[in-house]
Amino acid sequence: MTTLTSRLERARERLAGHGQDHVLHHAASLDPVRLDHLLDQVDALSLEQVDALAAALDDDGGFVLPADLAPATIVRRSPLDAQWTAHGEALVRAGKVACFMVAGGQGTRLGWDAPKGTFPATPITQAPLFQVFAEQILAARQRFGAMIRWYIMTSPMNDAPTREFFASHDHFGLGADTVMFFPQGTLPSLTLDGKLLLAETDEIAVNPDGHGGSLRALRHSGALDDMRAHGIEHISYFQVDNPLVHAVDPRFVGVHAAHPDSSGEMTSKMVAKRDAAEKVGVFCTSGGRTMVVEYSDLPAALAAERDGSGRLRFDAGSIAIHMLSREFVERLTAHGLALPLHKARKKVPFVNDDGVRVEPTSPNAIKMETFVFDAIPMARASLVLETDRAEEFAPIKNADGDDSPATSIAAQSARAARWLEAAGWAIPRSAEGAPDCTIELSPLAASCEAACARLAARAIERGARLAITPG
Ligand code: UTP
């Protein structure tokens, strides 16, 4: 008890020196175990960092539009693609490519009370997102005859339920020792005037440090060492919310690793923006470096500019799919990595001085996060590869409306219809041309259009009729 009492006094002194001793408001009423828990968090807190975060609350984000801002150079689809695909395929077959999924977000917009990857996401069998990616990886392992390891970043809040979900599904047949989970770091959430908040009487409110935290987490977790030990050179990065992603894409791997204009450090995919006002970050270039400019930072006039062919000049929308080389992440994180902080006003539940939990009805706090795309300008030369939205991007972000389960399911079904049709199946279509049926194609059956054609060829060989009934 004496130790706890003296620890408490030391903590109070430290916190008071930074105007944050209110986090000990309930200390006197905590039992020793809970007090110990709270003091552990205080001890782990860098109050200098909290001061810096609080000081940053008032600045406007500091983004200055570079005078030389121009659209990024885009690698468009071309007949040269075959050589990139062949190169990428060779790297996958040689076991040099791993998948890396970031799944540490809080998914507040979707409002699903479990890790987002457990969300039932497919059109008919309602397979969870985790299963969709697992089946893609299994399919790629079979197709390329190679081990493809899977690294999954969680957060301290969803790490245990994520591991439990995988364990209860026998890791979807991947083999537990080929999937590595690790939690990302956190940052304290601060009130609008820079004070720490209590999530519980013995718990300081923190939030995951953004998908940008994935780079440091790769190092601190030992994942980079694990990759090196397994001969992995390239990392295929994707998000937990996009079931259309091609988790292992040889063309993308090839452009990243072998294109003469690529440094092989970080390469990204883009889709053409739907219109000038679409709220997505845009790939640009400045000072010879590629960068993503957030939609809120791109002046409307620039966003609306068109080139001679009528295409939006700044049309390269970011879809959060990247290739990174292991060596690039090792270099970036060798001496700590300070990515810019992005701030968002959020409703963060807290415990007040009376010990009562408050669910705010308007934003009461600032969450700070780092974004992985801020690493792109740190690459020596970073390419952006064009792809089709309908082929690769249908995220589940919101409970309804845009980017919701309904829009993602429609996109998954429509893509399956296109692939099957291209392979010779008859797809019933409505008068307007939309598929008049719901289709779910497991990645284990076909994970790309070419695989679908192979599936059809095998079926026809066996005398199958290719037909799908409406409904
Ligand atoms: P989002 O930006 O959509 O955030 O994450 P979110 O936290 O999942 O959802 P909202 O904003 O609370 O509704 C995009 C991707 O980045 C991951 C998410 O899991 C998702 O795959 N992410 C985000 C992390 O891994 N860590 C973070 O701290 C934030």
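The values are calculated or read from the model by the stated rules, or taken from the named source; none is laboratory data. If you're wondering where the values come from, they're calculated on a predicted model, not measured in any experiment. Don't worry about glycine lacking a Cβ; one is built from the backbone with ideal geometry, like all the others, and counts go over all protein chains shown.
Where strands (runs of 3 or more DSSP E) fall entirely within the stretch 171-274, those with at least 1 residues that are of a type in the set (Gly, Ala, Ser), touching a residue at least 40 places away in the same chain (Cβ under 8 Å) and surrounded by 23 or more Cβ atoms within 10 Å (Cβ to Cβ) are at 234-239, 266-272.
Candidates are the residues of the stretch 177-222 that are within 13 Å of the ligand (Cβ to nearest atom) and charged (D, E, K, R); the one that is nearest to Ala11 (Cα to Cα) is Asp209. Of a type in the set (S, T, N, Q) and closer than 21 Å to Asp374 by Cα - does that describe any residue in the stretch 293-300? For the stretch 293-300, residues of a type in the set (S, T, N, Q) and closer than 21 Å to Asp374 by Cα: present.
Applying a threshold of 9 Å to beta carbon distances and a minimum spacing of six or more residues, or different chains, the list of pairs starting in the stretch 108-125 at a residue that is more than 21 Å from Glu359 (Cβ to Cβ) and assigned to a loop (DSSP other than H, G, I, E, B) and ending at one that is within 12 Å of the ligand (Cβ to nearest atom) and at pLDDT below 95 reads Pro115/Gly107; Phe119/Gly107. Selection of the stretch 223-271 for residues being within 16 Å of the ligand (Cβ to nearest atom) and hydroxyl-bearing (Ser, Thr, Tyr) yields Ser236, Tyr237, Ser268. Just checking, how many residues over the stretch 337-356 are without any contact (Cβ under 8 Å) to a residue 40 or more places away in the chain and more than 16 Å from the ligand (Cβ to nearest atom)? Adding up the residues that qualify gives 4.
Within the stretch 374-404, the only residue that satisfies the criterion of being closer than 16 Å to Val245 by Cβ, within 16 Å of the ligand (Cβ to nearest atom) and not in a loop (DSSP other than H, G, I, E, B) is Glu392.
I want to confirm something. Restricting to the stretch 67-112 and keeping residues that are of a type in the set (Lys, Arg) and under 30 Å from Lys397 (Cα atoms), which single residue is nearest to the ligand (Cβ to nearest atom)?
Residues of the stretch 67-112 that are of a type in the set (Lys, Arg), as a first pass: 76-77, 93, 96, 109.
When the remaining residues are screened for being under 30 Å from Lys397 (Cα atoms), the result is 76-77, 109.
Numbers: Arg76: 26, Arg77: 26, Arg109: 3 Å.
It comes out as Arg109.
Filtering the stretch 458-467 for residues that are more than 22 Å from Glu294 (Cβ to Cβ), at pLDDT 95 or above and among the small types (Gly, Ala, Ser) leaves an empty set.
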